[in-house]
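Below: one structure, written as structure tokens.
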Amino acid sequence: MSNITIIGLGLIGTSIGLALKKAKQPNLKITGHDREPTSSRTAQKMNAIDSLEWNIGKSVREADMVIIATPVLAIKEVMEYIAPQLPEECVVTDTGSTKTRILQWAKEILPGHVSFVGGHPLAGKEESGPTAADAGLFEGADYCVIPAPNAAPWATQAVVSIVDLIGAKPFFIEAGEHDSFAAAVSHLPMAISAALVASTTKSPSWHEMAKMATTGYRDISRLASGDPEMNRDICVTNASELAPWVDRLITELLELRRCLHESDEKGVAQFFAHVYEEREKWMAGVTQAPTGAAAVALPGAAEQMSSLLLGDVLARKSREMMSRYETEESGKKKKRWLR
């Protein structure tokens, strides 16, 4: 892949260019295109690309690989523009956060003489635009690779090679599974962050409340600072997968609300003890498949020992939390009886 064209020179596209430049591959030429002249010039000044091409069709005529790094809904339009200009045996890939819809567009729009291999780097920032780009953005990150059914094996390997060059780790996954998982662990957190900001800033007391909004609020609301266009596209193209997770979140909040309305202190204690335990497991890399789930690679002896030890620690922590709660409850009842 000596000629690579990057379409979309925002955070991800420019970071890919910088990472490829950092890899110092001989004879590699990177052409860039973006609909925003400011983004294009910024990426060029940052040396993320070798040359700019203002005409999107011309930008791909000699490309061995085209990387589409635009918001998701714009990917279809880009494919329509470049399809007639793509050379024989060109590889087209993308960086979109949803995959099923994009693979369908590739099937409908791209010519048969090119191979499409979907991609999604699991890395990013809340800032957007080329000025936020970083050559090390993908270091150690997983990078989802989803080849179209008709993609040539060598084309998939070409994308994997690029993933390796920028420091990421290829992660092969089916498109539907990708979208379901992303809805739960990526798109739902973005929706939660946005809903928090919406609910608090609409309060008449926000101007006073804001003085108390420090690290906790800042951490949870971080994703609300993401590119609004990109967040909109994610929700629109993955609505069928995201909506059920929003329902599940609402169910959990309703249960917490019930405990609060009914002064169910034990229920509140159990709620927070459970989520504490589950998050600690995840942070330690100890997760278990449900009974009957498809087989996965078994952990090594050290990992199994860590899992056992962590399980003991969490179980003890959970018992201690509930024991303290029950002791406090017993004390409260005794005081009420004495009165």
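The values are calculated or read from the model by the stated rules, or taken from the named source; none is laboratory data. Quick caveat, the model's predicted, so the values are computed rather than measured. Glycine also receives a Cβ, built like all others from the backbone with ideal geometry; neighbour counts cover every protein chain displayed.
Residue-level check: of (1) among the polar types (S, T, N, Q); (2) touching a Phe, Trp or Tyr at 6+ places or on another chain (Cβ under 9 Å); (3) crowded, with 17+ Cβ neighbours inside 10 Å, THR200 misses just (3).
Does TRP206 satisfy being at pLDDT below 90 and among the aromatic types (Phe, Trp, Tyr)? Step through it out loud before you land on a result.
Details: at pLDDT below 90: no; among the aromatic types (Phe, Trp, Tyr): yes.
It is false that TRP206 is at pLDDT below 90 and among the aromatic types (Phe, Trp, Tyr).
If the condition is being farther than 30 Å from PRO153 by Cβ, surrounded by 18 or more Cβ atoms within 10 Å (Cβ to Cβ) and among the hydroxyl-bearing types (Ser, Thr, Tyr), then the stretch 38-67 contributes SER39, SER40, THR42. Listed by first and then second residue, the pairs linking a residue in the stretch 48-67 that is touching a residue at least 40 places away in the same chain (Cβ under 8 Å) to a residue that is of a type in the set (Lys, Arg) and surrounded by fewer than 16 Cβ atoms within 10 Å (Cβ to Cβ), with Cβ atoms under 6 Å apart and 6 or more places separating them unless they lie on different chains, form an empty list. Of the candidates SER240, SER186, SER225, SER180, the single residue that is farther than 30 Å from ALA148 by Cα and not hydrophobic (A, V, I, L, M, F, W, C) is SER225. The residues of the stretch 22-33 that are at pLDDT 95 or above and either at positive phi or surrounded by 18 or more Cβ atoms within 10 Å (Cβ to Cβ) (or both), listed by number, are ILE30, THR31, GLY32, HIS33.
Over 23 Å from the mean Cα position of the chain (by Cα), part of a helix (DSSP H, G or I) and either modelled with pLDDT under 90 or hydroxyl-bearing (Ser, Thr, Tyr) (or both): does that describe GLN270? When the stated conditions are applied, GLN270 does not pass them. Screening the stretch 215-231 for residues that are closer than 19 Å to ALA184 by Cβ and not polar (S, T, N, Q) and picking the one that is surrounded by the most Cβ atoms within 10 Å (Cβ to Cβ) gives MET230. Would you check if THR70 is buried (at least 19 other Cβ atoms within 10 Å of the Cβ) and under 16 Å from ILE12 (Cα atoms)? Yes: the conditions hold for THR70.
Scanning the stretch 111-144 for residues that are surrounded by fewer than 21 Cβ atoms within 10 Å (Cβ to Cβ) and farther than 25 Å from ALA43 by Cα turns up PRO111, GLY112, HIS113.
Kindly evaluate LEU188 against the criterion of being in contact (Cβ under 8 Å) with a residue 24 or more places away in the chain, surrounded by 15 or more Cβ atoms within 10 Å (Cβ to Cβ) and in a loop (DSSP other than H, G, I, E, B). Taking the combined requirement at face value, the residue does not satisfy it.
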